[in-house]
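Quick notes on the structure that follows.
The values are calculated or read from the model by the stated rules, or taken from the named source; none is laboratory data. No experiment lies behind these values; they were computed from the predicted model shown. Note that we place each Cβ from the backbone using ideal geometry, even for glycine, and neighbour counts take in every protein chain shown.
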Amino acid sequence: MGRLVHFEIHVGDMERAKQFYGEVFGWTFEDWSEYAGMPYFGATTGDANELGVNGALVQRQGASPQQGQAMNGYACTMGVEDYDSTDAKILNLGGKVALPKHALPGMAWQGYYIDTEGNIFGIHQPDKNAK
């Protein structure tokens, strides 16, 4: 099986990225740089008893993505309890809207953002009344 078991977010400024993801989503980080041979911080994204995937922030090895460039990779989407308060945190911490909040009718609210490192990610609030 090819189940997703880990993700990596490439970053230019490790401390800024740790602050962004830590404050927006409550992630915690552990320094695994010794194992990776470069700046590499494991990210715990939630309780081990809950459905989800942990990952890492890794030091970017090239140029940052350019705005308006086609997506080249994967966009990870994080589940949130309150879309609007998460949106406010993202914007207050330097993130930008890539695709505004929109309804997935009868399912959820969804939107996409650009983090402080130029990466695209989504947020998703389940809501059967979304329209």
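What to note about this one:
- Condition check for D127: closer than 14 Å to A17 by Cα and among the charged types (D, E, K, R): no
- Under the condition of being among the aliphatic types (A, V, I, L, M) and either in contact with a Pro (Cβ under 8 Å, 6 or more places away or on another chain) or modelled with pLDDT of 95 or more (or both), the residues counted in region 51-65 number 4.
- Residue check for G79: without any contact (Cβ under 8 Å) to a residue 60 or more places away in the chain, farther than 27 Å from V5 by Cβ and of a type in the set (G, A, S): no
- The listed residue being under 23 Å from V53 (Cα atoms) and of a type in the set (D, E, K, R), out of K96, K89, K101: K89
- Note on region 14-32: residues that are in contact with an Asp or Glu (Cβ under 7 Å, 6 or more places away or on another chain) and not aromatic (F, W, Y) total 1.
- Among the residues of region 39-50, at least one is modelled with pLDDT under 95 and either over 15 Å from the mean Cα position of the chain (by Cα) or more than 21 Å from N92 (Cβ to Cβ) (or both).
- Residue tally, condition surrounded by fewer than 18 Cβ atoms within 10 Å (Cβ to Cβ), β-branched (V, I, T) and either at pLDDT 95 or above or on the phi > 0 side of the Ramachandran plot (or both), over region 1-35: 1
- Search result, residues across region 16-35 that are part of a helix (DSSP H, G or I) and over 15 Å from the mean Cα position of the chain (by Cα): S33, E34, Y35
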